[in-house]
Amino acid sequence: MQDVAHRATAANGAVRAVAVVSTQTVEDARIRHATSATATAALGRSLTAAALLGAGLKDRQTVLLRVLGDGPIGGVIAQADADGHVRGYAVHPHADLPQTDHRKLDVGGLVGRRGMLHVTRDLGLRTPYHGSAPLVSGEIAEDLASYLATSEQIPSVVALGVLVGPDLRVLASGGLCIQALPGTPPEVVDRLEARARQLPPITQLMSAGRTPEEILAASLGDLDPRIGDRTPLAFHCRCSRERVEGMLCMLGIQELETLLAQEGRAEVTCRFCGDRYVLGTEEVRALIARLRGAAPPVM
Ligand SMILES: [Zn+2]
């Protein structure tokens, strides 16, 4: 099944929903960052959460999620845009914990149950919209639902799941977000929540071969669901050699001279995707020459 974010509405537009399949995206992230089993689940849920929020974006808008708990993973960052590009990383990707008593990956323990969830939506306006809420459990789905309810005042049902195989590969990853827009009658919200409680875990539905359309239809039930359009998803980072050169230029001539004297080259690794950029002596010299050319003449 190809990775995708699929949208739907229900109850005459009062309810909107997104179902995401993110198996390949999360597997790509796992390979790039060499995450432990539990870190794969934490990063995968965060990437899927970003994709769920990203499904409502347009044009060049982006959404950034920062899950900053007090657990050993040290923080998880995930970003998505309107084109279905998702990227992210864990601060300590190799951190891991034993499984819980119920033989589940201890995502809450790895993330930490105390901390904050920050959401930044860059909607192309002068300043990005920023909101945050305290973590509830560190399991991420509950934390996001709590954030949406308290900080954005939108009652939301959020489900996230990442199934990691014994060989650490991602077998299934997906998510579901159902939101009742302001003014939705409380009984509709109650029905949604009751239905969500009856649904099996999202990875179980996916493993049983359910498509995002079927998952949306099952979760919206008798609220007259209308299945909308879909956006393909992929792990994709917007770093490039040009951006790395621009970043190095911002260090200034003196810093670059020092770097050249000490290292003989510049090496930059993108945190989001793990790609490594190496600029040799001549390339760093060219950057310095470019900066000298751009500098105002010395009087
Ligand atoms: Zn990158």
(request) Please work out if Val284 is within 27 Å of Leu47 (Cβ to Cβ) and outside the structural domain of Ala34 (by TED's automatic domain parsing). (result) no
(message) Whether any residue in the stretch 96-117 is under 23 Å from Gln153 (Cα atoms) and touching a residue at least 60 places away in the same chain (Cβ under 8 Å) is what I want to check.
(response) no
(message) I need the strands (runs of 3 or more DSSP E) fully contained in the stretch 5-93, keeping only those with at least 3 residues that are over 12 Å from the mean Cα position of the chain (by Cα), in the same structural domain as Val170 (by TED's automatic domain parsing) and more than 15 Å from Phe272 (Cα to Cα).
(response) 15-21
(request) Considering every residue within the stretch 277-299, establish whether at least one is free of Cβ contacts under 8 Å to residues at least 60 places away in the same chain and within 14 Å of the ligand (Cβ to nearest atom). (result) yes
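Okay, residues lined up against (1) in contact with a Cys (Cβ under 6 Å, 6 or more places away or on another chain); (2) surrounded by 21 or more Cβ atoms within 10 Å (Cβ to Cβ); (3) closer than 18 Å to Pro128 by Cα:
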| position | (1), (2), (3) |
| --- | --- |
| Leu52 | yes, yes, no |
| Lys58 | no, no, yes |
| Leu65 | no, yes, yes |
| Ala78 | no, yes, yes |
| Ala82 | no, no, yes |
| Val86 | no, yes, no |
| Asp96 | no, no, no |
(request) Look through the stretch 73-130, keep the residues that are small (Gly, Ala, Ser) and within 14 Å of Leu43 (Cβ to Cβ), and return whichever of them is nearest to the ligand (Cβ to nearest atom). (result) Gly88
(request) Look through Cys273, Cys249 and report the one residue that is in a loop (DSSP other than H, G, I, E, B) and on the phi < 0 side of the Ramachandran plot. (result) Cys273
(message) Tell me the residue from Arg45, Arg32 that is crowded, with 24+ Cβ neighbours inside 10 Å and among the basic types (Lys, Arg), please.
(response) Arg45
(request) Could you tell me whether Glu142 is in contact with a His (Cβ under 9 Å, 6 or more places away or on another chain), in a helix (DSSP H, G or I) and not aromatic (Phe, Trp, Tyr)? (result) no
(message) For Gly274, only one of the following conditions fails: (1) within 16 Å of the ligand (Cβ to nearest atom); (2) surrounded by fewer than 15 Cβ atoms within 10 Å (Cβ to Cβ). What is its number?
(response) (2)
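A quick yes/no check of all residues on (1) crowded, with 17+ Cβ neighbours inside 10 Å; (2) among the β-branched types (Val, Ile, Thr); (3) under 19 Å from Gly54 (Cα atoms); (4) free of Cβ contacts under 8 Å to residues at least 60 places away in the same chain:
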| residue | (1), (2), (3), (4) |
| --- | --- |
| Pro200 | no, no, no, yes |
| Leu205 | yes, no, no, yes |
| Gly209 | no, no, no, yes |
| Ser219 | yes, no, no, no |
| Asp222 | no, no, no, yes |
| Arg230 | yes, no, yes, no |
| Arg238 | no, no, yes, no |
| Gly246 | no, no, no, yes |
(request) Return only the number of the condition from (1) assigned to a helix (DSSP H, G or I); (2) within 16 Å of the ligand (Cβ to nearest atom); (3) in contact with a Ser or Thr (Cβ under 9 Å, 6 or more places away or on another chain) that Leu260 does not satisfy. (result) (2)
(request) Being touching a Lys or Arg at 6+ places or on another chain (Cβ under 9 Å) and among the acidic types (Asp, Glu) is the filter; apply it to the stretch 194-250 and report the residue that is farthest from the ligand (Cβ to nearest atom). (result) Asp222
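The values are calculated or read from the model by the stated rules, or taken from the named source; none is laboratory data. Computed from a predicted structure; not experimentally measured. Positions of Cβ are backbone-derived with ideal geometry, glycine not excepted, and every protein chain shown enters the neighbour counts.
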